[in-house]
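*Asks:* For reference, the structure I am asking about is given below.
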Amino acid sequence: MTGTEADEPEPTQEPGAPPSRRARWRGYASWTVAGALLTVGATAGVIQWTRAGRLAEEKADRAAVATGAGEFAVALLSYDYRNLQAARNGVLSRAADGFARTYDEAFTGGLESVITKLRASATATVRDVYVADVAEGGARAIAVADAQINGTMGTRRVLGSHLEMRLVRLGGKWRIDEVTAIGAADESVTRPGGGSEESARPDTQEKSEKSGK
């Protein structure tokens, strides 16, 4: 006889006879491969789902940080001498304990009386918020804002103020724990009665307000 043993046809099984060893092996191998493929597919699906969930969570955190920083910048730079308590509450409601103490001391230690004396009111808008590091319990952001202050001394416009902030997550919300004013792009003052306008570009860093930690 010529040819190899592998070329010989597999013996025909009679109906009702138990499967041969080779047939049993093929069936077992098929189920094993199918199971492995299902396991790999399920694992890949879990990994993709986990990654998508993590990315969505990070995106939501960054959006929440940006919103918190922007709202705080508006609250910090806006006030009305006729209702300073509302301005104070707006800042304190968005601040962590450390910065809240620092701000409250500055507010009651002279800021309130100066604003009242000058009959000053201010409005602010936020141009952009840049979010840097976002970790599980802390984040950093820079808000760029424009403000206009009206009072007995005239109208002062401060454009492109940069406020660098450190935020902490407290009770599921982002609170401001530290603020540093790092200057403005342009400032101008218009004297009462339409006097001359003065412009200035700050060359030095403004005073930093910190939590004292």
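The values are calculated or read from the model by the stated rules, or taken from the named source; none is laboratory data. None of these values were measured; they are calculated from a predicted model. Cβ atoms come from the backbone with ideal geometry, glycine included; neighbour counts cover every protein chain shown.
*Asks:* Could you tell me whether any residue of segment 111-121 is among the charged types (D, E, K, R), at positive phi and free of Cβ contacts under 8 Å to residues at least 60 places away in the same chain? Explain how you work it out, then say what you get.
*Replies:* Let us first name the residues in segment 111-121 that are among the charged types (D, E, K, R), namely 112, 117, 119.
From what is left, the residues that are at positive phi are 119.
Imposing the further condition that a residue be free of Cβ contacts under 8 Å to residues at least 60 places away in the same chain reduces the set to 119.
There is at least one residue in segment 111-121 that is among the charged types (D, E, K, R), at positive phi and free of Cβ contacts under 8 Å to residues at least 60 places away in the same chain.
*Asks:* Here are Ala139, Ala86, Ala147: which of them is out of contact with any Cys (no Cβ under 6 Å at 6 or more places or on another chain), among the aliphatic types (A, V, I, L, M), farther than 16 Å from His162 by Cα and in a strand (DSSP E or B)? Spell out how you get there, then give the answer.
*Replies:* Numbers: Ala86 fails: in a strand (DSSP E or B); Ala147 fails: farther than 16 Å from His162 by Cα.
Of the residues listed, the single one that is out of contact with any Cys (no Cβ under 6 Å at 6 or more places or on another chain), among the aliphatic types (A, V, I, L, M), farther than 16 Å from His162 by Cα and in a strand (DSSP E or B) is Ala139.
*Asks:* Also, I was wondering about something else. Does Leu167 meet the test of being assigned to a strand (DSSP E or B), at pLDDT 95 or above and farther than 19 Å from Ser78 by Cβ? If you could, list the steps in order and put the result at the bottom.
*Replies:* Working: assigned to a strand (DSSP E or B): yes; at pLDDT 95 or above: yes; farther than 19 Å from Ser78 by Cβ: yes.
Against the criterion (assigned to a strand (DSSP E or B), at pLDDT 95 or above and farther than 19 Å from Ser78 by Cβ), Leu167 qualifies.
*Asks:* Could you check how many residues of segment 123-143 are under 17 Å from Asp186 (Cα atoms) and either surrounded by 19 or more Cβ atoms within 10 Å (Cβ to Cβ) or modelled with pLDDT under 95 (or both)?
*Replies:* 3
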